[in-house]
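Novice: My structure is below; once you've seen it, I'll send some questions.
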């Protein structure tokens, strides 16, 4: 397998898109906390999640978003340790 170059995809990159392929990559996040604490960490430090919470706050839906993300992280929790919680979710290549 060759070296992959990671870069943003812009509209000008869409020419010839029919000849491109994409792979799904599953990443394990080893987080020493609950799914709710993991969501809080994403909310504080991960730009797209920060933006989602900002938009939700404008519509008064912050609690709904928090609940949906906690439920998602709980559903995908793959922890083998009772005191350590991890989430497995698709991530971009």
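Novice: Quick one: count up the residues across the range 43-93 that are under 15 Å from residue 28 (Cβ atoms), under 11 Å from the mean Cα position of the chain (by Cα) and either exposed (fewer than 14 other Cβ atoms within 10 Å of the Cβ) or at pLDDT 95 or above (or both).
Specialist: Number satisfying all stated conditions: 3.
Novice: While we're here: Give me a count of the residues in the range 34-77 that are outside any helix (DSSP H, G or I) and touching a strand residue (DSSP E or B) at 6+ places or on another chain (Cβ under 8 Å).
Specialist: Looking only at that region, the number is 3.
The values are calculated or read from the model by the stated rules, or taken from the named source; none is laboratory data. These numbers come from a predicted model, not from an experiment. All Cβ positions, glycine included, derive from the backbone under ideal geometry; neighbour counts span all protein chains shown.
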